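Trainee: Attaching a single structure in structure tokens format; questions to follow.
The values are calculated or read from the model by the stated rules, or taken from the named source; none is laboratory data. These figures come from a predicted structure and were not determined experimentally. Note that each Cβ is placed from the backbone with ideal geometry, even for glycine, and that neighbours are counted across all protein chains shown.
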Amino acid sequence: INIVFLAHSLQLKEKKKDCVAKREDYEIVKLLEISAEDAEQFERKKKKKNPDLGFSDYAAAQLRQYHRLNKQIIPDLEKFENLLHGTHVSYKEGVERMVLDLEKQIQKHEKYSRRRFYNDDADTDYIRVWGPLDYINEWNVKFNKKAEWFSGKYTAEIKQNLERGTAI
């Protein structure tokens, strides 16, 4: 953890306390200190900084989650200085923060699920919307349809023989 960052965060906390004591809104005071051009540049930079590009691979997703969790850490310089090496005990607030984060992840995951292209309410496991299961993925379904369209009339007799068990 960067000491400069910790000192800056302590200064921000002090400014917030001063604003509360003066009964002022901290966000408004903060915006009054920044010029309009700087605020606009900050907003553009903020939008560019962490765009959600979707899922690319597990390593990128893990790195993205790592950075997101690091942003949530609230450093406390007083506790940091009092810690002794090897005597760490989990704080209740940290555990609660982790549980809340996991619940948010579960809720987000429930919203974004891959669309399935078969009927889950089918009576049997192997009978789907298109009949017996003869595919391994979505691409294979399209391939099988094209193959059936091109060669279906030539292979109909072979399929019937295979189903009856009389194929040579």
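Trainee: Of these, 17, 30, 71, 48, which one is in contact with a Lys or Arg (Cβ under 9 Å, 6 or more places away or on another chain) and either in a helix (DSSP H, G or I) or among the β-branched types (Val, Ile, Thr) (or both)?
Mentor: 30
Trainee: Every residue in the stretch 134-146 that is surrounded by 12 or more Cβ atoms within 10 Å (Cβ to Cβ), assigned to a helix (DSSP H, G or I) and over 32 Å from the mean Cα position of the chain (by Cα), please.
Mentor: Answer for the stretch 134-146, where residues must be surrounded by 12 or more Cβ atoms within 10 Å (Cβ to Cβ), assigned to a helix (DSSP H, G or I) and over 32 Å from the mean Cα position of the chain (by Cα): 144, 145.
Trainee: Right, another one. Going through 84, 32, 77 one at a time, which residue ends up being at negative phi, out of contact with any Asp or Glu (no Cβ under 7 Å at 6 or more places or on another chain), among the hydrophobic types (A, V, I, L, M, F, W, C) and touching a residue at least 24 places away in the same chain (Cβ under 8 Å)?
Mentor: The unique qualifying residue is 77.
Trainee: Return the only residue of 92, 79 being modelled with pLDDT of 85 or more, more than 23 Å from the chain's Cα centre (by Cα) and surrounded by fewer than 10 Cβ atoms within 10 Å (Cβ to Cβ).
Mentor: Going through 92, 79 in turn, just one is modelled with pLDDT of 85 or more, more than 23 Å from the chain's Cα centre (by Cα) and surrounded by fewer than 10 Cβ atoms within 10 Å (Cβ to Cβ): 92.
This table checks each residue for (1) under 27 Å from residue 95 (Cα atoms); (2) surrounded by 12 or more Cβ atoms within 10 Å (Cβ to Cβ).
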residue: 10; (1), (2): yes, yes
residue: 29; (1), (2): no, yes
residue: 33; (1), (2): no, no
residue: 48; (1), (2): no, no
residue: 66; (1), (2): yes, no
residue: 72; (1), (2): yes, no
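Trainee: Can you tell me which residues in the stretch 108-151 are modelled with pLDDT under 60 and of a type in the set (A, V, I, L, M, F, W, C)?
Mentor: 117, 122, 127, 129, 130
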